[in-house]
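Q: Quick one: the structure is below, and I'll ask about it shortly.
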Amino acid sequence: MNLTHRHIRGYRLLPAIALGIGLATSVHGQAARMEFNQPAIALDSAINQVARQSGVQVLFDSDHASRLMAPALQGSYTADEALQRLLARSGLVLEARGAGTYVIVRDTAVGQPVQSAGAISGVDTLPMVTVVASRAPRSIDETPNTVWVIEREQIEAQARAGVPLKEMLGQLVPGLDMGGQMRTNFGQNLRGRPAQVMIDGISLNGSRLLSRQFDSIDPFNIERIEVLSGATAIYGGNATGGIINIITKRADASAPTFTSEAGIRTGGRGSDDFSWHGAQSIQGGNDVAQGRLAIAYSRNGGSYDGNGDRVLPDITQTDLQWNQSIDVLGTADIDLQEWGTLKLLAQYYDSGYKPGKALWMQPGPGNNILNPSDLDVRDGFSSDVEPNTRRHLLAADYHKPGVLGGQELYLKAYHRDESLKFYPFPGADANPLGGARVPYWSTSTQETTTYGFKAMLLKDWSRLRLSYGVDYDHEKFKANQTMFDVNRAIGSGGLQFREMSSLGRYPGFETDIWSAYAQADAKLTDQLTFSAGIRHQKVDIEVADFAQVAQQRLVAAGYGVAAQAIPGGKNDYSTTLINAGLVYRLTPAQQVWINYSEGFELADPAKYYGTGATYKPLAGANSVWELDRYLSVSGTSMAAIKTKSMEVGWRFNQGGWHAQAALFHSQSDKSIAVDRSTLTIQLNESKVRNYGLEGQVDYRWDSGWFVGSSFLLLRTEQQDDGTWNRRGVYYASPSKATLYAGRQTDRWGVRLQAAHSLRLNSDVPSFGTGPGESLPSLTLFDLMANYRMKHGNGARGTISLGVQNLFDKTYATRWSEQAKLAYASSIAPSVLDFKGQGRTFALTYTLEY
């Protein structure tokens, strides 16, 4: 007879017997003993294998179970005994629901909602599973790295209280800098170095080192965020600070369920000080296929600082005031039975400036727009090129166990296409014929297309785990500079932009990156695990012919009829990186580890090749700009900048206590410096090192009260003539600390949090020569609360409230301080005086039904 599946929201019903097998068969499978030989794997996979082998049905929360590690299961058991053994120490309990059917639920004996297994005081829980440190599910307590997991409940609580993604991560990730309020996330480093940001294991970083990785997804679509601190090459380059892997929400097998959300945010300062967002999702499926489709929309208004003054929009890297974003994300999970499982992802993300108001500048003496005599924020913005971030992302993940002698096969294919358009920015070139400088106003559009695949095989012999594979990534980059009618732009005070011409902005290039790697984890004893791995990466790059952008602008302005192109060419480079670590279990709840790992970064090809060229003096207005000196692509190898990282760490998770801390030291053999006159880069031989302490301590009572603190004590130095000096504040990151306390019950919750960025001093300037610099300290407080309600027919509602910058502090953002250094030769500091937003209030209502 056919089986009728009972669907319960949030749980997955696993059909372990094919349609049409009788109930008697299920009963026999339930009572009979059978031999099991399963290694320690993720709990959801372990439950699935037991259910399939024994012919029973199991209803369980697959998302929660996927984040726990089940013990090895070896021996003769009934289905009931096997499942009970898997669930021991998990904080989950098994309930029989008729012959051959079980339901796994969370143990709520303590009388409070359980956010995770580790939140139950007094319960010795199973270790959490992550993929960020090994590319396959792996228990945290076997990982010789500092790993942080930001759970869905934390993300939702922050986002619904009005905290944007960058600021949320700065609050919740101990080693990550406090987040800014502009579109760029430049300078928001992890342990003082750049991080690789991913969505479901797909890197958002590219060879062109742009900084909009967090302008990529709405928190409504995020399930959790896994963070690996410290240099690593497990997913490729540009992860010298670590990895931030954003994992998207997916569906369970259930009848269709919906989530609707609407919220507002305001500081109450003016009529346009109003932002709002709305989101809708639908998810569901059967035992073979599940899917989720969601759309999230937000619209920002203007911002005011703590004094009630308007915040100047950022015209350097583009602002998020008067911004509109839409995130459409769909996922599907397909169980191919004996052929494995398939996961699909498709995303369209569009975040752009929708005026709104804009920065108005009154030209200074001599009609000099670069040194304005007055600034204001006004209506009237109009541009043929509107600033935005637009991205398409497609991905497919395939997993099949039991191939090639009992190995697990992991395959991933992806395609990412993005276009980044910047706000119009003024400038002036030296007049080649003498006289006044030649003004211009322009913007850039930078487009990247990348695709590739990742293939990995994993074999687990219980005491030895081996993974190995290959990666391939292809990237194509191009950029243009749109030149506007400069007289109209200046005459309108920087509000009206009509396109006059389109020039090349950076050299176009294509890269092909091949990598091969292997990683082994060996249990030397029951307490000691040794891990080691190697990765070799080869990059082939082809750069197109390119004329220096300054010469292109001058030609467009009538100074010369053409500019000789800098020859492109091909080159290649490779690097080999290793890692090794030991984890020792002092107790089941406490581990210590030591780890050595290597990561690498590459000089931005667009800012490295084709830059620093010089042209011969222009003979006349009708002459051709002839090349004098330039950097040859084929004759100049762009080697990888290797970063070597060491850390010693400790973690403890038992009862209400959750703690982790690590001492770390990382050092690179070269450094990248910015030429602020051209905003190009230089590769220097000076070494750079970071060292410090990263950690967090958290305690939770059974009554729902909690308190905790995180910290990052950091020092960044560069070697100059054999002497180590504190690096300039443009490149370095400050130390920071957070403190939080609150209570969460089954009906309501409240949280007060504070973030403190310590004063940062340097011994040397970020650019040129002279005295050191300083970045002031900053302390901000947030307050948030939520109340949960039950409606009819199983619907649930949540009202969330939030107050950011609780004490209405007025301060200059960190990006403002950095921009004043980087753009000092480009525009007056007054244009770069970006203040942080003052006190804001947020209200969100979420309905799940």
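Q: Return the total of residues in segment 792-816 being in contact with a strand residue (DSSP E or B) (Cβ under 6 Å, 6 or more places away or on another chain) and over 27 Å from Phe186 (Cα atoms).
A: 6
Q: Follow-up. Answer with yes or no whether Ala396 is under 27 Å from Ser825 (Cβ atoms), in contact (Cβ under 8 Å) with a residue 12 or more places away in the chain and aliphatic (A, V, I, L, M). Walk me through it before giving the result.
A: Details: under 27 Å from Ser825 (Cβ atoms): no; in contact (Cβ under 8 Å) with a residue 12 or more places away in the chain: yes; aliphatic (A, V, I, L, M): yes.
So Ala396 does not fit the description; no.
Q: Okay, moving on. Of the numbered conditions (1) in contact (Cβ under 8 Å) with a residue 60 or more places away in the chain; (2) within 30 Å of Gly569 (Cβ to Cβ); (3) charged (D, E, K, R), Asp545 satisfies every one except a single condition; which is it?
A: Failed condition: (1).
Q: Report whether or not His28 is surrounded by fewer than 17 Cβ atoms within 10 Å (Cβ to Cβ) and either at pLDDT below 85 or farther than 22 Å from Val147 by Cβ (or both). Break it down into steps so the answer makes sense when it comes.
A: Values: surrounded by fewer than 17 Cβ atoms within 10 Å (Cβ to Cβ): yes; either at pLDDT below 85 or farther than 22 Å from Val147 by Cβ (or both): yes.
Taking the combined requirement at face value, the residue satisfies it.
Q: Return yes when Thr779 is β-branched (Val, Ile, Thr) and more than 25 Å from Arg747 (Cα to Cα) and no when it is not.
A: Values: β-branched (Val, Ile, Thr): yes; more than 25 Å from Arg747 (Cα to Cα): yes.
Yes: the conditions hold for Thr779.
Q: Scanning for something small (Gly, Ala, Ser), buried (at least 19 other Cβ atoms within 10 Å of the Cβ) and at pLDDT below 75, does segment 32-51 turn up at least one residue?
A: no
Q: Here is a further query. So, in segment 356-367, of the ones that are under 40 Å from the mean Cα position of the chain (by Cα) and either at negative phi or aliphatic (A, V, I, L, M) (or both), which residue ends up surrounded by the fewest Cβ atoms within 10 Å (Cβ to Cβ)?
A: Residues of segment 356-367 under 40 Å from the mean Cα position of the chain (by Cα): 356-363.
Keeping just the survivors that are either at negative phi or aliphatic (A, V, I, L, M) (or both) gives 357-363.
On the way: Lys357: 19, Ala358: 24, Leu359: 23, Trp360: 18, Met361: 25, Gln362: 12, Pro363: 19.
Only one residue tops the list, namely Gln362.
Q: While we're on this one: Return the residue satisfying two criteria in turn: it lies in segment 142-158 and is assigned to a strand (DSSP E or B) and β-branched (Val, Ile, Thr), and of such residues it is nearest to Asp782 (Cα to Cα). Lay out the reasoning, then the answer.
A: First, the residues of segment 142-158 that are assigned to a strand (DSSP E or B): 146-150.
Next cut, β-branched (Val, Ile, Thr) only: 146-147, 149-150.
On the way: Thr146: 27, Val147: 25, Val149: 21, Ile150: 18 Å.
Among residues in segment 142-158 that are assigned to a strand (DSSP E or B) and β-branched (Val, Ile, Thr), the one nearest to Asp782 (Cα to Cα) is Ile150.
Q: Let me ask something else. Test Tyr235 against the criterion of being assigned to a loop (DSSP other than H, G, I, E, B), farther than 21 Å from Thr341 by Cβ and touching a residue at least 24 places away in the same chain (Cβ under 8 Å), and give yes or no.
A: Working: assigned to a loop (DSSP other than H, G, I, E, B): yes; farther than 21 Å from Thr341 by Cβ: yes; touching a residue at least 24 places away in the same chain (Cβ under 8 Å): yes.
Yes: the conditions hold for Tyr235.
Q: Restricting attention to segment 726-763, and to residues there that are buried (at least 19 other Cβ atoms within 10 Å of the Cβ) and out of contact with any Ser or Thr (no Cβ under 8 Å at 6 or more places or on another chain), which single residue is modelled with the lowest pLDDT?
A: Gln744
Q: Somewhere in segment 336-352, is a residue in the same structural domain as Thr248 (by TED's automatic domain parsing), within 20 Å of Lys835 (Cβ to Cβ) and crowded, with 18+ Cβ neighbours inside 10 Å?
A: So in segment 336-352, the residues in the same structural domain as Thr248 (by TED's automatic domain parsing) come out as 336-352.
Subset that is within 20 Å of Lys835 (Cβ to Cβ): none.
Within segment 336-352, not a single residue is in the same structural domain as Thr248 (by TED's automatic domain parsing), within 20 Å of Lys835 (Cβ to Cβ) and crowded, with 18+ Cβ neighbours inside 10 Å.
Q: Any chance you could count how many residues in segment 177-206 are assigned to a strand (DSSP E or B) and touching a Phe, Trp or Tyr at 6+ places or on another chain (Cβ under 9 Å)?
A: At the first step, the residues of segment 177-206 found to be assigned to a strand (DSSP E or B) are 190, 193, 195-199, 202-203.
After this cut, where a residue has to be touching a Phe, Trp or Tyr at 6+ places or on another chain (Cβ under 9 Å) as well, the list is 196-198, 202-203.
Total satisfying the criteria: 5.
Q: Hey, could you check segment 797-825 for residues that are assigned to a loop (DSSP other than H, G, I, E, B) and in contact with a Ser or Thr (Cβ under 8 Å, 6 or more places away or on another chain) and say which is surrounded by the fewest Cβ atoms within 10 Å (Cβ to Cβ)?
A: First pass over segment 797-825, keeping only residues assigned to a loop (DSSP other than H, G, I, E, B): 805-811, 813, 823-825.
Next cut, in contact with a Ser or Thr (Cβ under 8 Å, 6 or more places away or on another chain) only: 805, 809, 823, 825.
Working: Asn805: 19, Lys809: 15, Tyr823: 18, Ser825: 13.
Filtering first and then ranking leaves Ser825.
Q: Then there's this: If the Cβ limit is 8 Å and pairs must be 6+ apart or interchain, which residue in segment 784-811 that is on the phi > 0 side of the Ramachandran plot and modelled with pLDDT of 95 or more pairs with which residue that is in a loop (DSSP other than H, G, I, E, B) and among the small types (Gly, Ala, Ser)?
A: Partner pairs satisfying both residue conditions: Asn805/Gly306; Asn805/Gly836; Asn805/Gly838; Asp808/Gly306; Asp808/Gly838.
Q: Taking the condition of being of a type outside the set (Val, Ile, Thr) and closer than 25 Å to Gly599 by Cα, how many residues in segment 529-568 meet it?
A: Within segment 529-568, the first condition is being of a type outside the set (Val, Ile, Thr), and the residues that meet it are 530-533, 535-538, 540, 542, 544-548, 550-554, 556-560, 562-565, 567-568.
With the extra rule that they be closer than 25 Å to Gly599 by Cα, the set shrinks to 530-533, 535-538, 540, 542.
The number of residues fulfilling the criteria is 10.
Q: OK, next. Do we find that Leu758 is touching a Leu at 6+ places or on another chain (Cβ under 6 Å) and among the aliphatic types (A, V, I, L, M) in this structure? Write out each step before concluding.
A: Numbers: touching a Leu at 6+ places or on another chain (Cβ under 6 Å): no; among the aliphatic types (A, V, I, L, M): yes.
Judged against the criteria, Leu758 is not a match.
Q: For segment 534-552, enumerate the residues that are surrounded by 21 or more Cβ atoms within 10 Å (Cβ to Cβ) and closer than 30 Å to Ala580 by Cα.
A: Arg535, Gln537, Val539
Q: Taking the conditions exactly as written (over 27 Å from Ile369 (Cα atoms) and in contact with a Gly (Cβ under 7 Å, 6 or more places away or on another chain)), does Ala518 satisfy them or not? Before you say what the answer is, go through the steps one by one.
A: Details: over 27 Å from Ile369 (Cα atoms): yes; in contact with a Gly (Cβ under 7 Å, 6 or more places away or on another chain): yes.
So Ala518 passes the test.
Q: Another one. Within the group Leu209, Leu228, which residue is more than 30 Å from Glu261 (Cα to Cα) and in a loop (DSSP other than H, G, I, E, B)?
A: Values: Leu228 fails: in a loop (DSSP other than H, G, I, E, B).
Only one candidate passes the filter, namely Leu209.
Q: Enumerate the strands (runs of 3 or more DSSP E) found wholly within segment 397-475, keeping only those where 3 or more residues are acidic (Asp, Glu).
A: Values: elements: 407-421, 425-429, 438-460.
Correct list: 407-421.
Q: Shifting gears a bit: Being at positive phi, surrounded by fewer than 21 Cβ atoms within 10 Å (Cβ to Cβ) and modelled with pLDDT of 95 or more, is that true of even one residue in segment 219-236? Walk me through it before giving the result.
A: Going residue by residue through segment 219-236, those that are at positive phi are 230, 236.
Subset that is surrounded by fewer than 21 Cβ atoms within 10 Å (Cβ to Cβ): none.
Looking through segment 219-236, none of the residues is at positive phi, surrounded by fewer than 21 Cβ atoms within 10 Å (Cβ to Cβ) and modelled with pLDDT of 95 or more.
To keep it simple, each residue is scored yes or no on (1) in contact with a Leu (Cβ under 8 Å, 6 or more places away or on another chain); (2) surrounded by 17 or more Cβ atoms within 10 Å (Cβ to Cβ); (3) at pLDDT 90 or above.
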{"residue": "Pro588", "(1), (2), (3)": "no, no, no"}
{"residue": "Gly599", "(1), (2), (3)": "yes, yes, yes"}
{"residue": "Ala619", "(1), (2), (3)": "no, no, no"}
{"residue": "Val648", "(1), (2), (3)": "yes, no, yes"}
{"residue": "Phe664", "(1), (2), (3)": "yes, yes, yes"}
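Q: All but one of (1) out of contact with any helix residue (DSSP H, G or I) (no Cβ under 7 Å at 6 or more places or on another chain); (2) crowded, with 22+ Cβ neighbours inside 10 Å; (3) at pLDDT 95 or above hold for Phe477; which doesn't?
A: Exception for Phe477: condition (1).
Q: A further question follows. Just to be sure before I move on: is Ala289 touching a residue at least 40 places away in the same chain (Cβ under 8 Å), more than 30 Å from Tyr691 (Cα to Cα) and of a type outside the set (Val, Ile, Thr) in the structure I sent? Outline the logic, then answer.
A: Details: touching a residue at least 40 places away in the same chain (Cβ under 8 Å): yes; more than 30 Å from Tyr691 (Cα to Cα): yes; of a type outside the set (Val, Ile, Thr): yes.
Taking the combined requirement at face value, the residue satisfies it.
Q: For segment 267-287, give me each residue that is surrounded by fewer than 19 Cβ atoms within 10 Å (Cβ to Cβ) and assigned to a strand (DSSP E or B).
A: Phe274, Trp276, Gly278, Gln280, Ile282, Gly284
Q: Restricting segment 368-387 to residues that are among the polar types (S, T, N, Q), more than 34 Å from the chain's Cα centre (by Cα) and surrounded by fewer than 17 Cβ atoms within 10 Å (Cβ to Cβ), which is farthest from Ile246 (Cα to Cα)?
A: Just the residues of segment 368-387 that are among the polar types (S, T, N, Q), to begin with: 368, 371, 373, 382-383.
After this cut, where a residue has to be more than 34 Å from the chain's Cα centre (by Cα) as well, the list is 368, 371, 373.
Checking which are surrounded by fewer than 17 Cβ atoms within 10 Å (Cβ to Cβ) leaves us with 371, 373.
Working: Asn371: 42, Ser373: 44 Å.
The qualifying residue farthest from Ile246 (Cα to Cα) is Ser373.
Q: A follow-up question, please. Could you run through segment 709-733 and say how many residues are assigned to a strand (DSSP E or B), in contact (Cβ under 8 Å) with a residue 60 or more places away in the chain and within 13 Å of Glu773 (Cα to Cα)? Spell out how you get there, then give the answer.
A: Within segment 709-733, the subset assigned to a strand (DSSP E or B) is 709-720, 723-726.
Applying the additional criterion that residues be in contact (Cβ under 8 Å) with a residue 60 or more places away in the chain yields 710-712, 714, 716.
Retained after the next criterion (residues that are within 13 Å of Glu773 (Cα to Cα)): none.
Summing the residues that are assigned to a strand (DSSP E or B), in contact (Cβ under 8 Å) with a residue 60 or more places away in the chain and within 13 Å of Glu773 (Cα to Cα) in segment 709-733 gives 0.
Q: Continuing with this model, one more query. What strands (runs of 3 or more DSSP E) completely inside segment 539-655 contain at least 3 residues that are out of contact with any Lys or Arg (no Cβ under 6 Å at 6 or more places or on another chain) and in the same structural domain as Ala479 (by TED's automatic domain parsing)? Spell out how you get there, then give the answer.
A: Values: elements: 569-587, 590-601, 627-629, 641-654.
In segment 539-655, 569-587, 590-601, 641-654 are the strands (runs of 3 or more DSSP E) which contain 3 or more residues that are out of contact with any Lys or Arg (no Cβ under 6 Å at 6 or more places or on another chain) and in the same structural domain as Ala479 (by TED's automatic domain parsing).
The values are calculated or read from the model by the stated rules, or taken from the named source; none is laboratory data. Keep in mind that what you see is a predicted model, and the values were worked out from it rather than measured. Note: ideal-geometry Cβ built from the backbone for every residue, glycine included; neighbour counts use all protein chains shown.
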